Amino acid sequence: MQPLIYLECFVKAAESGSFSAAARLLAITPAAVSKNVARLEAALGVRLFQRSTRKLTLTEGGEHFLRQISAALTTLSDAVNDVSEQDRQPAGTLRVSMGQAFGRGYMVPLLDEFLQRYPAIVPDWRFENRQVDLIGEGFDAGIGGGLDLKPGMVARELGRIHIVAVASASYMANKQQPRDPSELSAFDGIVRRASHTGRINQYSLRNAAGDTATAELRPRIIFDDPEAICQAALMGLGVALLPMPFAMPWLQNGALERVLPGWSADVGPVSLYYPAKKLLPARTRVFVDFVIEQFRDRDFARLIQSNGSSAALSAVRQH
C-alpha cells in the first residue's frame, strides 16, 4: 500500500486543480506535493496527471484512480484522526468561512467561551461575502445563507432570515407612513445590487394575513454591501431593506425604526455547513455542537425573524 501522504497529495491536487492549492490545504510545499505525486505515479506505473505550465488535468487513468480511492481515503484519514484524538483534547487549526458582518456580530462574541472550553483549538476564520467551496478550499465549516449544498455536505439550519424595511427617525420625521409595500416608491431607496448577478434585489413582502406585495423602493443609492446600506440608513439617507441580523442592533437602540411594521420577506435560512463525514475531526465536531448549542440557547432563530425581540438580541450578543 502506498504511503497515506502520497494518496492525500494526489487527491487534493486533483480536487483543487493545482499542486500549489493542494500544498496550502496540506500545509506542505508545492514541491513536496509534486514529488509525492511523482512517487505515487512511479509506484503505480501510471501517469495520473497531464502537466503544463498553465494547468493540471487528470489523465483517464488518474480519473479512474480518483473515483476508486477518494471516498476510501477520506474514511481512512478520518479514522486515523479520530483514533489519535480520542485520548486528548480537540486540537488543531479550525478553518471556518463566514460573512463579514454576521461573523463579527454573532460569531466573534462566542469566541471567549469556545476557547475556554477548547484551548488547544486555533480558530482560523475567514470573513468574506462570497460563495466558497468548503471542501475544495479546505474549510472545516462555513456559516451563511444561500450556499449550494453540494454532495458530501451537511447543512444545519440556525434560523430563517427575514428582510424588513427600516429608516432613521430623522428621515421619517414629517413623512406619512406607507400603508403597504407599493407606497415605498414615495421614499428615497437605499437598494442593494447583488454581486453575483449585477441586478438590484427585489423583494416581495408578506404580512400576517398572508397578503403579498412587491417592495417598490425608488433607488436613490445603490450599494452591493449590506453594512454600507445599513450605514446609509443610519445617516438618514433613505429607506433600506435589511436582513434582521443587520437591522436588529439598531432597532434595539432606536437608531433605526421599522417602516411597514408587520411586513417582511423570508429569504431562507442561515445555516452551518460542514462535510458529511462519518468521522469528523474532533475540532470540527465540537465546533458544530458548540454553535448549535449557543444559537439555540440565545433564541437566535426567533431573533432574526421580523418579530425578533430585543431581549433575544441582547442574549445572542452577550459573551
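The values are calculated or read from the model by the stated rules, or taken from the named source; none is laboratory data. Since the model is a prediction, treat every value here as computed from it, not as a measurement. Note: ideal-geometry Cβ built from the backbone for every residue, glycine included; neighbour counts use all protein chains shown.
Structure above, values below:
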| item | result |
| --- | --- |
| Condition broken by ILE229, with the remaining ones in (1) of a type outside the set (Gly, Ala, Ser); (2) farther than 19 Å from ALA169 by Cβ; (3) free of Cβ contacts under 8 Å to residues at least 60 places away in the same chain; (4) surrounded by 15 or more Cβ atoms within 10 Å (Cβ to Cβ) satisfied | (2) |
| When residues of segment 136-168 are limited to those that are β-branched (Val, Ile, Thr) and surrounded by 17 or more Cβ atoms within 10 Å (Cβ to Cβ), the one farthest from LEU205 (Cα to Cα) | ILE143 |
| Strands (runs of 3 or more DSSP E) contained entirely in segment 112-208, each with at least 3 residues that are closer than 30 Å to SER18 by Cα | 121-127, 141-145, 153-167 |
| Contacts under 6 angstrom Cβ, first residue in segment 44-72 being β-branched (Val, Ile, Thr) and surrounded by 10 or more Cβ atoms within 10 Å (Cβ to Cβ), partner modelled with pLDDT of 85 or more and part of a strand (DSSP E or B), 6 or more apart | THR57/GLN50; THR59/GLN50 |
| Residue among VAL108, VAL154 that alone is farther than 26 Å from ASP224 by Cβ, aliphatic (A, V, I, L, M), outside the structural domain of LYS12 (by TED's automatic domain parsing) and under 17 Å from the mean Cα position of the chain (by Cα) | VAL154 |
| Residue satisfying all of: in segment 88-105; at pLDDT below 85 and within 15 Å of ARG283 (Cβ to Cβ); nearest to the chain's Cα centre (by Cα) among these | GLN89 |
| Residue list for segment 148-185, restricted to those being in contact with a helix residue (DSSP H, G or I) (Cβ under 7 Å, 6 or more places away or on another chain), among the small types (Gly, Ala, Ser) and under 24 Å from GLN294 (Cβ atoms) | GLY159 |
| Residues of segment 26-55 that turn out to be of a type in the set (Lys, Arg) and at pLDDT below 90, as a count | 3 |
| Segment 258-267, residues that are under 20 Å from ALA101 (Cβ atoms) and over 23 Å from the mean Cα position of the chain (by Cα) | ARG258 |
| Residues located in segment 268-309, provided they are within 20 Å of GLY99 (Cα to Cα), aliphatic (A, V, I, L, M) and either modelled with pLDDT of 90 or more or in the same structural domain as THR75 (by TED's automatic domain parsing) (or both) | VAL270, LEU272, VAL288, VAL291, ILE292 |
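Every residue, every condition in (1) closer than 30 Å to ASP299 by Cβ; (2) at pLDDT 95 or above; (3) of a type in the set (Lys, Arg), yes or no:
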position	(1), (2), (3)
SER182	no, no, no
ARG193	no, no, yes
ILE200	no, no, no
ARG218	no, no, yes
MET235	no, yes, no
ALA240	yes, yes, no
ALA247	yes, no, no
LEU251	yes, no, no
PRO261	yes, no, no
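Conditions tested, residue by residue: (1) in contact with a Leu (Cβ under 8 Å, 6 or more places away or on another chain); (2) over 27 Å from PHE139 (Cβ atoms).
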{"residue": "SER182", "(1), (2)": "no, yes"}
{"residue": "LEU205", "(1), (2)": "yes, yes"}
{"residue": "ALA232", "(1), (2)": "no, yes"}
{"residue": "PRO243", "(1), (2)": "no, no"}
{"residue": "ALA247", "(1), (2)": "yes, yes"}
{"residue": "LEU251", "(1), (2)": "no, yes"}
